[in-house]
Amino acid sequence: METNTKPIVILCVDDEPIILLTLKQELRNRFGSNFQYEIAMNAEEALSILAELSHSGIDVRLVISDWMMPGMKGDEFLIHAHKLYPNIKSIMVTGHADHEAIERVKKEAATYAVFPKPWDRNKLSEAVMQCCNKN
């Protein structure tokens with residue numbers, strides 16, 4: 001059966017493949033086919049994916065990003081992405097972020113939530129639902 005609706009995308013960004021796999025599987029288990037799940041291994045790849053999806057008219061609703069990554073850190077990435085795509089919500093998951101980075105990303109990227117690794121599945125799911133609500 002064909003549908004004319006475009007997918008709603010959640011982009012997951014982390015330099016650790018096992019974290020990306022875990023996050024993507026957890027989201028798929030919780031939300032099924034309600035979303036399309038994309039992954040990126042670093043901020044540069046994520047920005048490229050966002051540009052490509054945006055150019056194609058795909059609705060990227062949420063970015064979930066790690067903080068400690070090689071190259072551009074998660075707070076810098078989310079702030080940059082927010083300037084380019086202000087309607088995309090964000091969540092940061094981290095085992096390493098300092099207090100200043102957390103405050104900066106909340107203020108400058110309007111990041112909805114910051115969760116420590118390992119994250120609480122229920123809290124992350126609630127935050128994803130809030131961010132992806134079609135209000």
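Worth a mention:
- Sequence-distant contacts, meaning Cα pairs under 8 Å at least 6 residues apart, place the relative contact order of the chain at 22 percent.
- Inter-probe distance in nm under a simple model that places probes 7 Å from Cα toward Cβ, at ASN133 and HIS99: 3.0 nm
- With Cα atoms, 0 to 90° folded angle of helix 43-55 axis to the chain main axis: 30 degrees
- Value of [θ]222 nm, deg cm²/dmol, for the chain, DSSP H segments ≥ 4, -39500 (n - 2.57) each, nearest 500: -14000 deg cm²/dmol
- Nearest 10 degrees, 0 to 90: helix 74-84 Cα axis against the chain principal axis: 50 degrees
- The 1.4 Å probe gives accessible areas that order HIS80, HIS99, HIS55, largest first, as HIS55, HIS99, HIS80.
- DSSP bridge pairs, the chain: antiparallel proportion in percent, nearest 5: 0 percent
- Debye intensity ratio in log₁₀ form over the Cα atoms of region 14-135, taken at each q of 0.18 Å⁻¹: -0.94
- Protein-only accessible surface at a 1.4 angstrom probe places the residues MET72, MET129, MET92, MET41 in the order MET129, MET41, MET72, MET92, largest first.
- Summary of the geometry: region 9-26 and region 76-135, compared by the centres of their Cα atoms, lie 14 Å apart.
- Computed from Cα atoms, the angle from the helix 17-31 axis to the main principal axis of the chain rounds to 50 degrees.
- Potential extension, GLU16-PHE31 segment - 0.36 nm per residue separation minus Cα distance: 3.2 nm
The values are calculated or read from the model by the stated rules, or taken from the named source; none is laboratory data. The shown structure was predicted, so the numbers you read here are calculated from the model rather than taken from an experiment. Cβ atoms come from the backbone with ideal geometry, glycine included; neighbour counts cover every protein chain shown. To get the accessible areas, we keep the full protein, side chains included, count just its heavy atoms, and leave off ligands, DNA and RNA. Shrake-Rupley method; radii C 1.70, N 1.55, O 1.52, S 1.80 Å.
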